[in-house]
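Engineer: Got a structure for you, written out below as structure tokens; questions coming shortly.
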Amino acid sequence: MSVFMDLNLVYSPDSSRLQNLVETAAHLGYSTVAINYVYEPTAKKKQDIPTPRPIKDLIPELPIVQGRSRPIRVLNRLTVMMSDSSHFRATAAEYRAFDLLAVQPTTEKLFHAACMICDVDIICISVTEKLPFFFKRAPVNGATERGVVFEVSYAAALRDSTRRRYTIANSTALMESCRGRNVILSSAAETPLELRGPYDITNLGLLFGLTDGDSKDAVSSSCRSVVLHAETRKTASGIIYTVQHPEAPPTKTPGDTGDPPAAKRAKPGAVIDS
């Protein structure tokens, strides 16, 4: 049985709204979702990188996935909107707080850098406007070899007919360059009404230019590859992984009260020579 994932649920400060999103995703059969924090730096005003809120604070009790007996898995994701090369800082300590790291380049030069240089997991394709550049095979193949995936979201296509045209046109252009490899389909949903089931998204992938097999992978195995890539990105190529454990108090054996053994105790009435 396939494990379906939606790695783009837009973060909202309204906890009840976010909880409804996660509950709807679990009801539709998604085993893993990612809450997406969007960071859009500007030249006029300095903005701090957002800090993810603990999942337990957002959703006290995780819902059970439809058709499975385990709760849904919720990850944190950061998407950096790149309109300048300085907007993505590879060594920023704030990035480590997120499970997934994504960028959305706005120019051809930044797209090339995201594919070949940036240490990220996901490259987002804009679906709200016509792209000012064409997808070239060299950077697309470079990203594929590095294990980076391209993301196409569909929620914008549900809101507006103009954005629907841009979504189809941009995604079709991407599929012609990457040939359907390393592509994931996500919702970018802000409300539960914008979520669709995994099999509906599989059919939608056919409209975007994916084959039947690639369309199913775009909501299952390719998403799983993203999660694994994010885990290895935080380690030494997946070989070494360090976890800090709290120090456990020293254990005492049963009957250990800290007194000396019975054989070494002074007998009552015994005289100790000085």
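The values are calculated or read from the model by the stated rules, or taken from the named source; none is laboratory data. For clarity, every value in this text was computed on a predicted model and none was experimentally measured. For neighbour counting, all protein chains shown are included, and Cβ atoms are generated from backbone atoms with ideal geometry for every residue, glycine included. Surface areas here come from the heavy atoms of the whole protein model, side chains and all, with no ligands, DNA or RNA. Shrake-Rupley method; radii C 1.70, N 1.55, O 1.52, S 1.80 Å.
Residues checked against (1) closer than 20 Å to Leu228 by Cα; (2) modelled with pLDDT under 85; (3) of a type in the set (S, T, N, Q):
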| position | (1), (2), (3) |
| --- | --- |
| Phe4 | yes, no, no |
| Ser12 | no, no, yes |
| Ala26 | no, no, no |
| Thr32 | yes, no, yes |
| Gln47 | no, yes, yes |
| Arg53 | no, no, no |
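Engineer: Based on what the data block shows, is Ala26 of a type in the set (Gly, Ala, Ser) and closer than 22 Å to Glu145 by Cα?
Structural biologist: no
Engineer: What are the residues in the stretch 105-151 that are open to solvent by 50 Å² or more (accessible area, probe 1.4 Å) and farther than 26 Å from Thr42 by Cα, if any?
Structural biologist: Lys136, Arg137, Ala138, Asn141, Glu145, Arg146
Engineer: Which residues, taken from the stretch 187-232, are among the hydrophobic types (A, V, I, L, M, F, W, C) and assigned to a helix (DSSP H, G or I)?
Structural biologist: Leu193, Ile201, Leu204, Leu206, Leu207, Cys223, Val226, Val227, Leu228, Ala230
Engineer: Quick check on my filter: what residues within the stretch 144-157 are of a type in the set (D, E, K, R) and part of a helix (DSSP H, G or I)?
Structural biologist: Within the stretch 144-157, just Glu145 meets the criteria.
Engineer: From the list Val22, Val33, Val38, pick out the single residue that is assigned to a helix (DSSP H, G or I), surrounded by 10 or more Cβ atoms within 10 Å (Cβ to Cβ), β-branched (Val, Ile, Thr) and under 16 Å from the mean Cα position of the chain (by Cα).
Structural biologist: Exactly one residue qualifies, and that residue is Val22.
Engineer: Right, something else. Hey, can you tell me all the residues within the stretch 89-105 that are under 17 Å from Ser126 (Cβ atoms) and touching a Phe, Trp or Tyr at 6+ places or on another chain (Cβ under 9 Å)?
Structural biologist: Scanning the stretch 89-105 gives Val103, Pro105.
Engineer: Another question, if that's okay. Look at Asp200 and say whether it is among the charged types (D, E, K, R), within 24 Å of Gly29 (Cβ to Cβ) and open to solvent by 40 Å² or more (accessible area, probe 1.4 Å).
Structural biologist: Spelling it out, Asp200 is indeed among the charged types (D, E, K, R), within 24 Å of Gly29 (Cβ to Cβ) and open to solvent by 40 Å² or more (accessible area, probe 1.4 Å).
Engineer: Okay, next question. If I filter the stretch 55-67 for residues that are within 25 Å of Thr106 (Cα to Cα), surrounded by 15 or more Cβ atoms within 10 Å (Cβ to Cβ) and at pLDDT below 90, do I get at least one hit?
Structural biologist: no
Engineer: Determine which member of the set Phe208, Phe134 is of a type in the set (Phe, Trp, Tyr), out of contact with any His (no Cβ under 8 Å at 6 or more places or on another chain) and within 27 Å of Thr24 (Cα to Cα).
Structural biologist: One residue alone meets the criteria, Phe208.
Engineer: Right, here's the next one. Determine whether the stretch 158-177 contains at least one residue that is assigned to a loop (DSSP other than H, G, I, E, B) and in contact with a Phe, Trp or Tyr (Cβ under 8 Å, 6 or more places away or on another chain).
Structural biologist: no
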